[in-house]
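Visitor: Okay, handing you the structure first.
The values are calculated or read from the model by the stated rules, or taken from the named source; none is laboratory data. All figures in this text were calculated on a predicted structure; none of them were measured in a lab. A quick note on method: Cβ atoms are made from the backbone with ideal geometry, for glycine too, and the neighbour counts reach across all protein chains shown. Surface accessibility is based on the protein's heavy atoms, side chains included, excluding ligands, DNA and RNA. Shrake-Rupley method; radii C 1.70, N 1.55, O 1.52, S 1.80 Å.
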Amino acid sequence: MTVPVHLAPPKRLIDATIDGEEVRVPEGTTVLDACSASGTEIPTLCYGDTLAPRNACRVCVVEVEGARTLAPACSRKLEPGMSVNTDSERVRHSRKLVLELLGSSVDLSTTPRVPEWMERYEAEPGRFGPRSEPAPLGERDARRAGEHEAGDGSVAATVEQPPKIDNDLYVRDYSKCIMCYKCVDACGDQWQNSFAIGVAGRGFDARISTEHDAPLTDSACVYCGNCIEVCPTGALSFATEFDMRQAGTWDESAQTETTTICTYCGVGCNLTLHVQENEIVKVTSPHDNPVTHGNLCIKGRFGFQHVQRRGEGSARGAEKDPL
Amino acid sequence: MDLRFLDETPNEAEREAVDSVLGPPESGWDGGTRLDTDLRYARGGHAARDRRDLLLPALHAVNDRVGWISPGALDHVCRRLTIPPAEAYAVASFYAMFALQERPRRVVHLCTDIACAAKGSEPLRDRLAERHGPPGGHDGEVAWHESPCLGMCERAPAALAIEAGTRPRSAVAAPATPEALDALAEAAPDGHANGHGPGPAANGHGPSDRDRPAALTTFDETPLAGSHPEPDPADAVPDAGSPDHVLLRRIGRVDPLSLDDYRAEGGYSALREALRLGPAGVLREVSDSGLVGRGGAAFPTGRKWQATASRPDGPHYLVCNADESEPGTFKDRVIMEGDPFSLIEAMTIAGYAIGARTGYLYIRGEYPRALRHLENAITVARERDLLGDDVLGSGFSFDIEIRRGAGAYICGEETAIFGSIEGERGEPRTKPPFPVEKGLFGKPTAVNNVETLVNVLPILLMGGPAYAAVGTEGSTGPKLFCLSGGVRRPGLYELPFGATLRDLIEAAGGVPEGRGIQAVLLGGAAGAFVRGDELDIPLTFEGARAAGTTLGSGVVLVLDDTADLVATLVRVAAFFRDESCGQCVPCRVGTVRQEESLLRISRGADAGSEVALLREVGQAMRDASICGLGQTAWNAVESAVDRLGLFGAAPGAPAGKQTS
C-alpha cells in the first residue's frame, strides 16, 4: 500500500550505503523504496505498489556486498551497514538475461517500458533461436507437472497460445503472461477474496488457471477487474481495449484521463475514466487513493455504458431504450 | 470468504477416501447431508481454514484410493477444508504423482534419471512405449511415466508401480529386467480386489513378522501380484554388518519393524542420555560435535538448533526433510527402510533440544516401503510412551506427523517444504527471514535431513568432543556415500571423513575389468563432475571445496568410459526443467534455454557459441534465482565444460566463477 496509516510507533533510522552514497532510512525500508526516494531507478515487472512483493521476476535484483547471490530490491529490506550496488556488472548481466528470457518466451509487446530497458541492458531475446509455434488453446493447461516433450533445440519454447475469450468484460491473453502472481494475489486474500484463479502446473508449464481450466463464467470470478488493474503486461485486459487493439484503433496518446467519484453507491471510490474520441474505453482507479487502493467492483469498473447510451442526442434517450 | 464450489459431486469411494483423513463431515456446511438445522447457523471460517495442512493428505487419499483426482473429489475436499477450488487445483497440479485426468489404477514409474540411464533404462522405456503407448498415456490397464530418480540407484535401472485401492499397493522392479518390468506393467488378474489377507512379508525378514499385530499403514504390505519381492534394505549396504559402521550398524542386524530389536541394539539409550542432559546439554553436545548438515548445504547443526531454541515466539517446529530426491541419492531411504526407529528417536531428541512439541516427517511419495516402516515405528513408539504426552515420564511431550510428498523435487528445499506441508504450492520462500525465525506456519523451525538427524544418536552416546575427533577438523563424524554407476559393488557406504574418492571406489571393488573412469558426478545433479584422473580428492567438505567441487548430498556416481556424457548432461538439464517450481524467471525459463542449447550441441551445433550462451544463462540462474534449485542448475553442465573439457575447452580449469 502506498498510503501508510501512521499508527505505529516511530521507526528507528538505519544507515546503509547505496551505490557508494550514504542513506539514512526508517528500519524496514526496502532497497527499492530507498532507491525510489533517492532517485535511483530500478526496473520492476512483478512488483505491485498495492501488493506484497513476490519477487518472482528478478528484474530488480541488486548486489548486496558479501552476499553469495543477488537480492531482489523490491523485498530486501535495508539493514544497518548494508552496502548495495544497483548497477554492477553482475546486476546488469542478470537484468539483461531476465529481460532476454522473458522476451524470448512471452509476448511483451504491450508491456510498458520494456523496449527502453531492453536497450539499456543490451538485451537480445532473439539469440535463443526462432520462437516456437503457439500452443493450441487448452494444450498448455493440460500439461502434467514434471513431464515435458524434449524438442531438438531448434526453436525457443514460448508460452504463447490463443487468447481466452469467454465473457464480455475481459480477455485473458496468456501469451503475454510473465507469471508475476499479481492477479492471483489481487483476486485472493490481498484484496478481493474471490480466489477465482491460482497458479497451476509447475516450472515452464506453470500458468494462471481456474480450477480444471474452467471458463471464467463457471468460476468464482466476480468481474471486479482488479486483476486487470495490477497486470503489468496486458495479459489481462478490458474487452474494449482488446477489441480496439485488434482493430488497430487503440491509441493511448489520444486518450484523456479524468478522475471522478463513482456514482453507484456511497462508498466514494475514485474512478479514472480513460476516454478516447469521447468514448470511455476503460476505467481504472488511483492506487494512492485511500478508499480503493486501485480496486473497484464490477459496477465501478465496467458499468460505464449507461453514460454513453444517450441515443438521438437526448439525455433521456437511454430511458426509452428497453436495454 | 464466500467460496464458490463446482457443481460436481464425489462418488462414494472418493467421499470415503476424504473422510478417512478428515473424519465424517459434521453438517451440510462441510460437505455432509444438508439438514434443516444447517440453515440456522454458519460453519467454516478460521476453524476450517486452520486445517489447510490436511489438503495434501486429503488429495493423497483420493489419488491412493481411485488413482486420480476428479473434479467432484477435488470439490469435496475444498468444501471439507474451506479451500477455494482454484487454490486446491493449483496445489494438486503442482505434483507429478497426482493425476487430474482419469487414468487406470495402476501406474508404473520408470526411472530414466542419470544412474538408471547409465544402466540401460532406455530399452525399457522403448518397451513400455511399444506396449502401452507414449509416457503419460495409457491403454486402459496401466499408465506409465518416466520418472526422475527413484532412489534405487544401487540396483539400477529401477521401476516402481503403485496401484490404487482402499489401501494402495506397490511393487518395485530393481534391477528392472524386461520380464520384471512386464510383471509390473501387467494388471493383476484380481486387479480390482485389494488389501485382503497377509501376504509374504515384504521387508525381507520372513514369517516371524506375521505374528506381530501390524500397525495400519497407508500402503498394504502385500506386494502387487506377479511382482518380485523387494530385496532386503540391507542389500543396499554391500559391507553391512561391518564393525566400523556407526550410522549403518543396525542395518541388516535388526528387524526394522521391531522396537525390541532396536532397543536390544542400543536403541533409545541416546534419548535417555538426552533427557539426562536437558535441552541445553543436548545443544552443547551437538555444537561441540561439529556436526554439519548432510543434506547438501553443510550448515552447522548446533547453530541451527541453538537459533531455533532461543526464539521467544512459539510453538517451535521440527521438520525432518526426508524428501530425498537428488538424483543418485538413496541414503535416507536405506536408513528409513532398514532402521526407522533411529530416525524417530533422533527426531524426538531434536524436538527436545529445540523445544518443539510437534515434528513433521516429510517423506517423498516415491518411497512406499520407507513410509510403511516409519508409520509402523511411530505407532509402536507411541504405544510404548516413546512419543506423545510425557515421553518416558520426563514431562516432555513430542509427537511426529508424517507428510507424504507427491513427486516434486523442489519440496526438499528447506522453505518449499513448509508450503507443501501447509497445503500450499511447494514454492520456495525468499530468505531472509530464515526458517529459524519464520519457518513452518510462520514459526521458528529447524529443518534437518535424515542423515543429519541420525548422527545425533552417536553424538549423545559418544559425547560431542569424542564425535568431533572422528573425521577431519572441518568435517567431523562418519559420512554416508551413495555410490552408483559403473562400479563393481554399488551401494551405500559409510566412511569416516578423510577417505579419498579412490578409497571409496576401491572399497566398492573398483570399475569392472577393462573399463576406465571417464568422470565422477559428485553431489548429484546439483553437484559437479570431476575427471577420472582426479580420484585423490579427499571426501571432506573442505577437501571438495578446495578442489572446486562439492560433496552435496553424498552422491558418487561413476561414469565409465562407455557413458554418453552429452546425453547425461541433457538428462540433467531436463531434470532441472521438470523440477523447477516456475516461480522465478531465471530458473523457469533459464532451465528451458539450457536444455535447448544442450540439445542443439548434441545434434551437432557449434559448441563454442552454445557454451558462451550457456555460461550467460548459467550465471544469471546462479546469481538471480530465488532458491538453490535454480542457483545450482548450471553446476554440473559448467563442470562438464570446464573440468572435463567436454565441448572442446581445455580440461582441468577449476569449476569456479566464470565471467562471460
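Here's the yes/no breakdown for (1) over 27 Å from B:A377 (Cα atoms); (2) under 21 Å from the mean Cα position of the chain (by Cα); (3) free of Cβ contacts under 8 Å to residues at least 60 places away in the same chain:
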residue	(1), (2), (3)
B:E422	no, yes, no
B:V436	yes, no, no
B:V454	no, yes, no
B:P458	no, no, no
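Visitor: Then there is this: Within region B:165-186, restricting attention to residues that are touching a Phe, Trp or Tyr at 6+ places or on another chain (Cβ under 8 Å) and of a type outside the set (K, R), which residue is nearest to B:Y493 (Cα to Cα)?
Guide: Pass one, region B:165-186, residues touching a Phe, Trp or Tyr at 6+ places or on another chain (Cβ under 8 Å): B:167-170, B:185.
From the residues that got through so far, the ones that are of a type outside the set (K, R) too are B:168, B:170, B:185.
Values: B:P168: 32, B:S170: 27, B:A185: 32 Å.
Checking each candidate, the answer is B:S170.
Visitor: Picking from A:S94, A:S109, A:S83, which residue would you name as being small (G, A, S) and either touching a Phe, Trp or Tyr at 6+ places or on another chain (Cβ under 9 Å) or free of Cβ contacts under 8 Å to residues at least 40 places away in the same chain (or both)? If you could, list the steps in order and put the result at the bottom.
Guide: Details: A:S109 fails: either touching a Phe, Trp or Tyr at 6+ places or on another chain (Cβ under 9 Å) or free of Cβ contacts under 8 Å to residues at least 40 places away in the same chain (or both); A:S83 fails: either touching a Phe, Trp or Tyr at 6+ places or on another chain (Cβ under 9 Å) or free of Cβ contacts under 8 Å to residues at least 40 places away in the same chain (or both).
Answer to the selection: A:S94.
Visitor: Now for a separate question. Regarding B:A567, is this residue aliphatic (A, V, I, L, M), open to solvent by 10 Å² or more (accessible area, probe 1.4 Å) and within 14 Å of another protein chain (Cβ to nearest Cβ)?
Guide: On the way: aliphatic (A, V, I, L, M): yes; open to solvent by 10 Å² or more (accessible area, probe 1.4 Å): yes; within 14 Å of another protein chain (Cβ to nearest Cβ): yes.
Taking the combined requirement at face value, the residue satisfies it.
Visitor: Since B:K119 meets every condition but one in (1) more than 25 Å from B:A61 (Cβ to Cβ); (2) buried (at least 23 other Cβ atoms within 10 Å of the Cβ); (3) away from chain A (no Cβ under 14 Å), which condition does it not meet?
Guide: Among (1) more than 25 Å from B:A61 (Cβ to Cβ); (2) buried (at least 23 other Cβ atoms within 10 Å of the Cβ); (3) away from chain A (no Cβ under 14 Å), B:K119 violates only (2).
Visitor: Out of everything in region B:19-31 that is open to solvent by less than 90 Å² (accessible area, probe 1.4 Å) and touching a Gly at 6+ places or on another chain (Cβ under 8 Å), what residue ends up being modelled with the lowest pLDDT?
Guide: The qualifying residue modelled with the lowest pLDDT is B:D30.
Visitor: A further question follows. Go through region B:65-89 and count every residue that is open to solvent by less than 20 Å² (accessible area, probe 1.4 Å) and either assigned to a helix (DSSP H, G or I) or hydroxyl-bearing (S, T, Y) (or both). First the steps, then the outcome.
Guide: Kept after step one, since they are open to solvent by less than 20 Å² (accessible area, probe 1.4 Å), are these residues of region B:65-89: B:67, B:69-70, B:72-78, B:80-81, B:83-86, B:88-89.
Pick out the ones that are also either assigned to a helix (DSSP H, G or I) or hydroxyl-bearing (S, T, Y) (or both) and you get B:70, B:72-78, B:80-81, B:85-86, B:88-89.
Residues in region B:65-89 being open to solvent by less than 20 Å² (accessible area, probe 1.4 Å) and either assigned to a helix (DSSP H, G or I) or hydroxyl-bearing (S, T, Y) (or both): 14 in total.
Visitor: Here is a further query. From the set of residues in region A:72-105 that are crowded, with 23+ Cβ neighbours inside 10 Å and assigned to a strand (DSSP E or B), which is farthest from the other protein chains (Cβ to nearest Cβ)?
Guide: Selected residue: A:V84.
Visitor: For B:F98, indicate whether it is under 30 Å from B:A159 (Cβ atoms), within 14 Å of chain A (Cβ to nearest Cβ) and touching a strand residue (DSSP E or B) at 6+ places or on another chain (Cβ under 9 Å).
Guide: No, not satisfied.
Visitor: So, B:L283, is that one in a helix (DSSP H, G or I) and of a type in the set (A, V, I, L, M) or not?
Guide: Values: in a helix (DSSP H, G or I): yes; of a type in the set (A, V, I, L, M): yes.
Answer is yes for this residue.
Visitor: Please verify whether region B:629-642 includes one or more residues that are at pLDDT 95 or above, more than 13 Å from every other protein chain (Cβ to nearest Cβ), surrounded by 22 or more Cβ atoms within 10 Å (Cβ to Cβ) and in a loop (DSSP other than H, G, I, E, B).
Guide: Within region B:629-642, not a single residue is at pLDDT 95 or above, more than 13 Å from every other protein chain (Cβ to nearest Cβ), surrounded by 22 or more Cβ atoms within 10 Å (Cβ to Cβ) and in a loop (DSSP other than H, G, I, E, B).
Visitor: Got a number for residues in region A:180-204 being more than 7 Å from chain B (Cβ to nearest Cβ), within 22 Å of B:A92 (Cβ to Cβ) and touching a residue at least 24 places away in the same chain (Cβ under 8 Å)? Give the derivation first.
Guide: If we filter region A:180-204 for residues that are more than 7 Å from chain B (Cβ to nearest Cβ), which is where we start, we get A:180-192, A:194.
When the remaining residues are screened for being within 22 Å of B:A92 (Cβ to Cβ), the result is A:181, A:183-185, A:187-189, A:194.
From the residues that got through so far, the ones that are touching a residue at least 24 places away in the same chain (Cβ under 8 Å) too are A:181, A:183-185, A:187, A:194.
Adding up the residues that qualify gives 6.
Visitor: Residues that are of a type in the set (F, W, Y), at least 1 per element: which helices (runs of 4 or more DSSP H) completely within region B:401-477 meet that? Spell out how you get there, then give the answer.
Guide: Numbers: elements: B:416-422, B:450-454, B:456-462, B:464-468.
Qualifying helices (runs of 4 or more DSSP H): B:416-422, B:464-468.
Visitor: Show the residue pairs meeting these rules: Cβ distance below 6 Å; 6+ apart or different chains; first residue within region B:294-312 and open to solvent by 30 Å² or more (accessible area, probe 1.4 Å); second residue of a type in the set (A, V, I, L, M) and assigned to a loop (DSSP other than H, G, I, E, B).
Guide: Taking only residues 6 or more apart or on different chains, the pairs are B:A307/B:V436.
Visitor: If a residue must be facing another protein chain (nearest Cβ under 10 Å) and surrounded by fewer than 24 Cβ atoms within 10 Å (Cβ to Cβ), how many such residues does region B:598-611 contain? Break it down stepwise before answering.
Guide: Step one: list which residues in region B:598-611 are facing another protein chain (nearest Cβ under 10 Å), which gives B:598-603, B:605, B:609-610.
Filter once more, so that each one left must be surrounded by fewer than 24 Cβ atoms within 10 Å (Cβ to Cβ): B:599-603, B:605, B:609-610.
Here the count works out to 8.
Table: residues versus (1) under 26 Å from the mean Cα position of the chain (by Cα); (2) among the small types (G, A, S); (3) more than 23 Å from B:L614 (Cα to Cα).
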| position | (1), (2), (3) |
| --- | --- |
| A:S38 | yes, yes, yes |
| A:T44 | yes, no, yes |
| A:V59 | yes, no, no |
| A:S83 | no, yes, yes |
| A:V114 | yes, no, yes |
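Visitor: Out of B:R43, B:R52, report the one residue that is within 14 Å of chain A (Cβ to nearest Cβ), of a type outside the set (S, T, Y) and closer than 24 Å to A:A196 by Cβ.
Guide: B:R52
Visitor: Run B:L56 past the list (1) hydrophobic (A, V, I, L, M, F, W, C); (2) part of a helix (DSSP H, G or I); (3) out of contact with any strand residue (DSSP E or B) (no Cβ under 7 Å at 6 or more places or on another chain) and report the number of the one that doesn't hold.
Guide: Of (1) hydrophobic (A, V, I, L, M, F, W, C); (2) part of a helix (DSSP H, G or I); (3) out of contact with any strand residue (DSSP E or B) (no Cβ under 7 Å at 6 or more places or on another chain), only one is false for B:L56: (3).
Visitor: Take the residues in region A:204-259 that are in contact with a Pro (Cβ under 8 Å, 6 or more places away or on another chain) and in a helix (DSSP H, G or I), then tell me which one is surrounded by the fewest Cβ atoms within 10 Å (Cβ to Cβ).
Guide: Checking each candidate, the answer is A:F242.
Visitor: Moving to a separate point now. Do we have B:A322 as closer than 21 Å to B:D385 by Cβ, of a type outside the set (D, E, K, R) and open to solvent by less than 10 Å² (accessible area, probe 1.4 Å) here?
Guide: On the way: closer than 21 Å to B:D385 by Cβ: no; of a type outside the set (D, E, K, R): yes; open to solvent by less than 10 Å² (accessible area, probe 1.4 Å): yes.
No, not satisfied.
Visitor: Could you give every pair whose Cβ atoms fall below 7 Å, whose first residue belongs to region B:259-277 and is closer than 13 Å to B:A353 by Cα, and whose second residue is among the polar types (S, T, N, Q), counting only separations of at least 6 or pairs across chains?
Guide: B:L271/B:T348; B:L275/B:S394
Visitor: From the list B:R43, B:R51, B:R34, B:R4, which one is in contact (Cβ under 8 Å) with a residue 12 or more places away in the chain, open to solvent by 50 Å² or more (accessible area, probe 1.4 Å), of a type in the set (K, R) and more than 19 Å from B:A86 (Cα to Cα)? Full working, then the answer.
Guide: Working: B:R51 fails: more than 19 Å from B:A86 (Cα to Cα); B:R34 fails: in contact (Cβ under 8 Å) with a residue 12 or more places away in the chain; B:R4 fails: more than 19 Å from B:A86 (Cα to Cα).
Every option except B:R43 fails the conditions.
Visitor: While we're looking at this one, here's another question. Among the numbered criteria (1) within 18 Å of A:A56 (Cα to Cα); (2) hydrophobic (A, V, I, L, M, F, W, C); (3) within 10 Å of chain B (Cβ to nearest Cβ), which one does A:C177 miss?
Guide: (3)
Visitor: Next up: Kindly list, by first and then second residue, each pair from a residue in region B:609-624 that is within 19 Å of B:Q583 (Cβ to Cβ) and without any contact (Cβ under 8 Å) to a residue 40 or more places away in the chain to a residue that is small (G, A, S) and assigned to a helix (DSSP H, G or I), limited to pairs with Cβ atoms under 6 Å and residues at least 6 apart or on different chains.
Guide: B:V617/B:G590; B:A620/A:S94; B:M621/B:G590; B:M621/B:G630; B:D623/A:S94
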